[in-house]
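Participant: To start, I am sharing the structure in question, which I have written as structure tokens.
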Amino acid sequence: MPDTHYAITAVLVAAAVTWALRALPFAVLTPLRESGTVQYLSTRMPAGVMVILVVYCLHDLPVTEARATAPLAALAVTIALHLWRRNALLSILGGTATHVILASTVFAH
């Protein structure tokens, strides 16, 4: 009998913790939407994240070697597509496709 009570208590505690952890973001979301800091970050973060990703991906790229052509061409296509269409998904897909095609065909070793 004691093992049954322990198991029921353990399941109830696990269920309560799971429910609380899933409900917590929704409870915190409303005050955050009204925050000036969050509104500022929501407009500045996407560009900042993209700059960090570009710097991280290209920081050790030997620009004097031929193997640097595929990523640099992909970067140029990504920038051109974004300036032309202002569509992040199109820009990312176009740049990725360019890199994959060039790296696997033209610049494959």
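The values are calculated or read from the model by the stated rules, or taken from the named source; none is laboratory data. Because the structure is a prediction, the values reported are computed rather than measured. Note that each Cβ is placed from the backbone with ideal geometry, even for glycine, and that neighbours are counted across all protein chains shown. For the accessible areas, the whole protein counts, side chains as well, though only heavy atoms, and no ligand, DNA or RNA atoms are used. Shrake-Rupley method; radii C 1.70, N 1.55, O 1.52, S 1.80 Å.
Participant: Please tell me if Ala15 is modelled with pLDDT of 95 or more and more than 22 Å from the chain's Cα centre (by Cα).
Facilitator: Yes; evaluated as a whole, the condition is true for this residue.
Participant: Residues of the stretch 29-49 being modelled with pLDDT under 85 and closer than 16 Å to Ile92 by Cα, which ones?
Facilitator: Pro46, Ala47
Condition check ((1) open to solvent by 60 Å² or more (accessible area, probe 1.4 Å); (2) in contact (Cβ under 8 Å) with a residue 40 or more places away in the chain; (3) more than 18 Å from the chain's Cα centre (by Cα)) across all residues:
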{"position": "Ala47", "(1), (2), (3)": "yes, no, no"}
{"position": "Val55", "(1), (2), (3)": "yes, no, no"}
{"position": "Leu61", "(1), (2), (3)": "no, no, yes"}
{"position": "Glu65", "(1), (2), (3)": "yes, no, yes"}
{"position": "Ala68", "(1), (2), (3)": "no, no, yes"}
{"position": "Ala73", "(1), (2), (3)": "no, no, yes"}
{"position": "Val77", "(1), (2), (3)": "no, no, yes"}
{"position": "His82", "(1), (2), (3)": "yes, no, no"}
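Participant: Here's something else I'd like to know. Looking only at helices (runs of 4 or more DSSP H) that fall completely inside the stretch 1-86, which ones have 3 or more residues that are closer than 30 Å to Ala108 by Cβ?
Facilitator: The qualifying helices (runs of 4 or more DSSP H) are 36-58, 69-85.
Participant: Is at least one residue of the stretch 76-89 over 23 Å from Pro46 (Cβ atoms) and among the basic types (Lys, Arg)?
Facilitator: No, there is no match, as no residue in the stretch 76-89 is over 23 Å from Pro46 (Cβ atoms) and among the basic types (Lys, Arg).
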